[in-house]
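The next block holds one structure in the form of structure tokens; read it before the comments.
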Amino acid sequence: MRRLLFHSLSLLSVFSGGQLLALDAKQTQELIKLVDERQRNMGDYASTVFIDQKEKDGSTKAFEARVYRRDADDKWMILFTKPKAEAGKGYLRVEKNLFLYEPSLGKWERQTERASIGGTNSRRDDFDESRLAEEYDGTFVADEKLGKFAVHRLKMTAKPSAEVASPILELWVDQESKNVLKRQELALSGKLLRTIYYPSWDKMFSKSKNADVYVPKEIRVFDEVEKGSGTTVVLREVKLDPLEANMFTKAWLETQSK
Amino acid sequence: MLTILNIAFRNLLQAKRRTILLGLAVTIVASLFLVLRSVSASVSERMIESATTLSAGHVNIGGFFKSSKKASAPVLVGREELRAFVRKEVPEAVSIIDRHRGWGRLISPASSINVGVNGIIFDEEERFFRSLRLAKESEYKKDGSQQAVGNFDDLKQPNNVLIFAAQAKKLEVGVGDTLTFVTEASRTQSNTADLRIAAIASDIGFMSNWSIFMPRQNVLDLNRVSDDTTGVVMVYLPSQDQAETVMNRLRESFKTKGYQVLDHDPNPFFLKFDKIAGEDWLGQKLDLTLWSDEISFVIWVTAALDLVSFFVVGVLSIIIIGGIMNAMWMSVRERTKEIGTMRAIGAQKGFVIQLFLTEAVMLGLFASLLGIVLVGITLSILNGLEVPITNEGARLFLMSNNLYFSLHAGQFISTLLLFGFITGLAALYPALKASKLRPVEALMQGK
């Protein structure tokens, strides 16, 4: 019996690339739900973000913006405040539609989920709440080391009904804190598009959730197709207090732009 | 009549200084008018050429498919049926082709650009390839050779792409290099393809800056759509003047056949996504457009040029009319005795009017003819020299990479007639005044 068990484990080890599966399908799904849950606030969210964009020709752009979220209604908004040339520009997501407001033209334009924010490598979903369990099916890949961190590596495939920019993701989740430390986004063709690092997280108490919420303090985005171009997003002054009721409207954003 | 012509000609010769000065003014304005018209015509011709070569047929049957309320993909299902129906309904068509269309980002190791993509079937695109020319290496590479490398035929094979010289220059690539194309597949998901540059064509106006061509199968794979889909059915007619009639006829035929057809919106398909995405319907609707609709966003260039021409020539014509009126009035004053004598020996009022009008019209015709000849020779030489336009803004405005002026017999004739008319009009009042002089008073004044 012991010999049979030994041989079974050896065989499993060979088929799994020399490594035993640390998480089964159920545990993987639970982990993904946990990742979402730890970031979910249930109420409103506001923060100041500093976006630093580096192009592959060496040129750089820097922006300051305010990000607002109302996760209960799936509403999201980013309003640029600096530099002066970009001040007043904003993105608003309501009823799963993303719009861009250009104050110089006084015009709203519909954007796709893939649209970059302010011409940087960042996208709308980089600033939004985590909905991995809702949008993706996950499978466990391996337990690995990411620098000094022991991580679970997961592969995520978009659900057929999900409208997401990245059809395939790979996630490196810290085994201890359950925070995502690294994320890679792949195209349908399997080509790697972006690598994102989350080097630090903050823990905050949310009154609406009545529990702790984990928010990233910094996000580093690397474009893997246009090598050499990347974006660093630093999040500051994160507040989880209720926002004005009428904030997530085109009219509100337009008044802020004046 | 010959007598009038003879007298008018002699009068012009007699007042040499006045004739030369007035003639010079008319020559300059007529030349300016002709140059502006030729620029406007060349921009307009370039637009038609670019539009009908790169992105549109004379009539286009495009449309949108909405799989969800907020979606709007430029895709039509039932390609074969659609093509067969158009073929049956437009028997006068010279050719009917279809292309898949979309957009994405083309990325090289050095740079990247946003482009519109066209998925083509090589064997159907004879018209397109006939109007293209492989670019010399020097057109996109510094110190490049005068040799044109690459092969359009390679576009028969998947994973090849045709780009234009300006794009190759920006991306810093040559034939045989690989580019990555990133686009949005169904449900906004990212997809990519690595494409080999099969050929680099010479630019066709500035519109070729944002168009690339790849085999249809590549676009199907990128967009994850079935073989029985298309982006647009393009109909080429014997003459572009037939386009509107054919489009209206097709619209009615489609409706009768039971197709859902959008109201005519004279804009290119990529400016309609917002509107379509905001509409509350699902499924497919056809969108019929003319070639000019697909480039409506640049048609303002010719409108602006025409407006500038009209304004400049209008102001200068008013100055000319003032000058000619003044000169003719002086002429009437100087020749009062002559007019009185003519009237005394039996010349009618009409004869006097004809005499002054003929003199002015003759001056206008000679002077504008001189302008036409000078402009014709100068612009023909400049066209022959193929002077490159180095300024990006000027290239964008003139829709050409080389200085090119469109010259036609129609422009020459209309310029001649216009300035003959303007000078005649300017002489009308002095001529009427001259004809109203009473012979006795005229003879007395002459003393």
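The values are calculated or read from the model by the stated rules, or taken from the named source; none is laboratory data. Remember, predicted model here, so these are calculated numbers, not experimental data. Note that we place each Cβ from the backbone using ideal geometry, even for glycine, and neighbour counts take in every protein chain shown.
Points worth noting:
- Residues that are in contact (Cβ under 8 Å) with a residue 24 or more places away in the chain and closer than 17 Å to residue B:94 by Cβ within the stretch B:240-269 comprise B:240, B:242, B:243, B:244, B:246, B:247, B:249, B:250, listed in sequence order.
- Selection count where residues are buried (at least 19 other Cβ atoms within 10 Å of the Cβ) and over 16 Å from residue B:77 (Cβ atoms), scope the stretch B:277-291: 4
- Considering (1) under 30 Å from residue A:34 (Cβ atoms); (2) in contact with a helix residue (DSSP H, G or I) (Cβ under 9 Å, 6 or more places away or on another chain), the lone condition that residue A:88 does not fulfil carries the number (1).
- Residue check, residue A:236 assigned to a strand (DSSP E or B) and without any contact (Cβ under 8 Å) to a residue 40 or more places away in the chain: no
- The set of residues from the stretch B:223-239 being outside any loop (DSSP other than H, G, I, E, B) and farther than 29 Å from residue B:249 by Cα comprises just one member, B:223.
- Count of residues meeting criterion [away from chain B (no Cβ under 14 Å) and touching a Pro at 6+ places or on another chain (Cβ under 6 Å)] in the stretch A:168-188: 0
- Test: residue in the stretch B:254-263 that is surrounded by fewer than 18 Cβ atoms within 10 Å (Cβ to Cβ), within 35 Å of the chain's Cα centre (by Cα) and at pLDDT below 85: no
- Odd one out for residue B:220 among (1) facing another protein chain (nearest Cβ under 8 Å); (2) in a helix (DSSP H, G or I): (1)
- Residue selected from the stretch A:213-258 under the condition among the polar types (S, T, N, Q) and crowded, with 19+ Cβ neighbours inside 10 Å, by the criterion farthest from residue A:181 (Cα to Cα): A:229
- Filtered residue count, the stretch A:27-75, keeping only those that are away from every other protein chain (no Cβ under 14 Å) and outside any strand (DSSP E or B): 20
- Elements of type strands (runs of 3 or more DSSP E) in the stretch A:76-167, at least 1 residues being aliphatic (A, V, I, L, M) and touching a residue at least 24 places away in the same chain (Cβ under 8 Å): A:90-94, A:97-102, A:136-146, A:149-158
- Restricting the stretch B:226-253 to residues that are touching a helix residue (DSSP H, G or I) at 6+ places or on another chain (Cβ under 7 Å) and β-branched (Val, Ile, Thr), the residue that is surrounded by the fewest Cβ atoms within 10 Å (Cβ to Cβ): B:229
- Selection of the stretch B:127-138 for residues being surrounded by fewer than 19 Cβ atoms within 10 Å (Cβ to Cβ), closer than 22 Å to residue B:172 by Cβ and of a type in the set (Gly, Ala, Ser) yields only B:138.
- Of the listed requirements (1) modelled with pLDDT under 95; (2) within 14 Å of chain A (Cβ to nearest Cβ); (3) assigned to a helix (DSSP H, G or I), residue B:207 misses just one: (2).
- Single residue of the stretch A:121-167 satisfying the filter (of a type in the set (Val, Ile, Thr) and out of contact with any Phe, Trp or Tyr (no Cβ under 9 Å at 6 or more places or on another chain)) that is farthest from the other protein chains (Cβ to nearest Cβ): A:141
- In the stretch A:85-97, the residues that are modelled with pLDDT under 90, within 17 Å of residue A:252 (Cβ to Cβ) and either buried (at least 17 other Cβ atoms within 10 Å of the Cβ) or facing another protein chain (nearest Cβ under 10 Å) (or both): A:95, A:97
- A count restricted to the stretch B:254-271 and to residues that are within 20 Å of residue B:79 (Cβ to Cβ) and out of contact with any Lys or Arg (no Cβ under 9 Å at 6 or more places or on another chain) stands at 4.
- Checking each residue in the stretch B:75-126 for being within 14 Å of chain A (Cβ to nearest Cβ) and of a type in the set (A, V, I, L, M) picks out B:106, B:107, B:110, B:113.
- Options B:29, B:59; residue that is closer than 24 Å to residue B:115 by Cα and away from every other protein chain (no Cβ under 14 Å): B:59
- Conditions (1) surrounded by 15 or more Cβ atoms within 10 Å (Cβ to Cβ); (2) touching a residue at least 40 places away in the same chain (Cβ under 8 Å); number of the one not met by residue B:141: (2)
- Selection status of residue B:288, over 30 Å from residue A:94 (Cα atoms), out of contact with any Gly (no Cβ under 6 Å at 6 or more places or on another chain) and modelled with pLDDT of 95 or more: yes
- Residue check for residue A:138: among the small types (Gly, Ala, Ser), within 23 Å of residue A:244 (Cβ to Cβ) and in contact with a Ser or Thr (Cβ under 8 Å, 6 or more places away or on another chain): no
- Checked against (1) closer than 30 Å to residue B:205 by Cβ; (2) surrounded by 16 or more Cβ atoms within 10 Å (Cβ to Cβ), residue B:390 passes all but a single condition, namely (2).
- Pick from the stretch A:189-219, criterion without any contact (Cβ under 8 Å) to a residue 24 or more places away in the chain and within 14 Å of chain B (Cβ to nearest Cβ), ranking: farthest from residue A:36 (Cα to Cα): A:189
- Selection count, the stretch B:110-124, where residues are without any contact (Cβ under 8 Å) to a residue 60 or more places away in the chain and surrounded by fewer than 19 Cβ atoms within 10 Å (Cβ to Cβ): 2
- Summed over the stretch B:74-104, the residues that are surrounded by fewer than 16 Cβ atoms within 10 Å (Cβ to Cβ) and in contact (Cβ under 8 Å) with a residue 12 or more places away in the chain give a count of 7.
- Condition check for residue B:229: farther than 18 Å from residue B:128 by Cα, in contact with a strand residue (DSSP E or B) (Cβ under 6 Å, 6 or more places away or on another chain) and away from chain A (no Cβ under 13 Å): yes
- Filtered residues of the stretch B:42-93 (kept if within 22 Å of the chain's Cα centre (by Cα), modelled with pLDDT under 95 and hydrophobic (A, V, I, L, M, F, W, C)): B:43, B:47, B:48, B:51, B:54, B:56
- Selection of the stretch B:175-204 for residues being surrounded by fewer than 20 Cβ atoms within 10 Å (Cβ to Cβ), more than 13 Å from chain A (Cβ to nearest Cβ) and touching a strand residue (DSSP E or B) at 6+ places or on another chain (Cβ under 7 Å) yields B:176, B:177, B:196.
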